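**Q** Here it is, the structure in full.
The values are calculated or read from the model by the stated rules, or taken from the named source; none is laboratory data. All values reported here derive from a predicted model rather than from experimental measurement. Here Cβ is always computed from backbone atoms with ideal geometry, including for glycine, and neighbour counts include all displayed protein chains.
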Amino acid sequence: MKQYVLVVDDEKGFTFFLKKNLEAAGDYDVTICNEADKALERARQLRPNVILLDLMMPEISGEQIATALQEYPETKNIPVIFLTALVKSEETSEAAHMIGGHRFAAKPVKIDELVALLKQVTGSR
């Protein structure tokens, strides 16, 4: 079953390669949003299976967007995975891979690890 993923990150090059690699690695349909102030609107329109959300963006932080998503019935149950360069995977234990109650993936993200994480949070195979 195809999984719909919304990637919200201000780094256009990163999102371009993430989209290409995710779509090549599995049954994913990836939509990119490079403007933090439009992320909530896009999530409400698209209702993706999961949102990959950069933690640090210029206008609005990923945490603020994740909090706003909780305020709308159509987005409150969408899993969010933060993308961050602030913490490296090796710096935390598996149980500690959480920020603000959401899973996170450390940048640069390895596609096979991200696919495994996507499967875990969406319950897909």
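**Q** Give region 24-49 a look and list any residue that's in a helix (DSSP H, G or I) and under 16 Å from LYS110 (Cβ atoms), or say none.
**A** ALA24, ALA25
**Q** Determine which member of the set LEU86, LEU114 is surrounded by 11 or more Cβ atoms within 10 Å (Cβ to Cβ) and modelled with pLDDT of 75 or more.
**A** Details: LEU86 fails: modelled with pLDDT of 75 or more.
Step by step, each of LEU86, LEU114 is checked, and only LEU114 is surrounded by 11 or more Cβ atoms within 10 Å (Cβ to Cβ) and modelled with pLDDT of 75 or more.
**Q** Of all residues in region 1-27, how many are over 13 Å from the mean Cα position of the chain (by Cα) and within 19 Å of LEU118 (Cα to Cα)?
**A** 11
**Q** Among the numbered criteria (1) in a helix (DSSP H, G or I); (2) in contact with an Asp or Glu (Cβ under 8 Å, 6 or more places away or on another chain), which one does TYR4 miss?
**A** (1)
**Q** Sticking with this structure for a sec: Filter region 9-38 down to residues that are modelled with pLDDT of 95 or more and of a type in the set (A, V, I, L, M) and give me whichever is surrounded by the fewest Cβ atoms within 10 Å (Cβ to Cβ).
**A** ALA24
**Q** Now for a separate question. So which residues in region 50-66 are assigned to a helix (DSSP H, G or I), more than 17 Å from VAL5 (Cβ to Cβ) and touching a residue at least 24 places away in the same chain (Cβ under 8 Å)?
**A** Start the filter on region 50-66 by keeping residues that are assigned to a helix (DSSP H, G or I), which leaves 62-66.
From what's left, more than 17 Å from VAL5 (Cβ to Cβ): 63-64.
The answer is GLU63, and nothing else.
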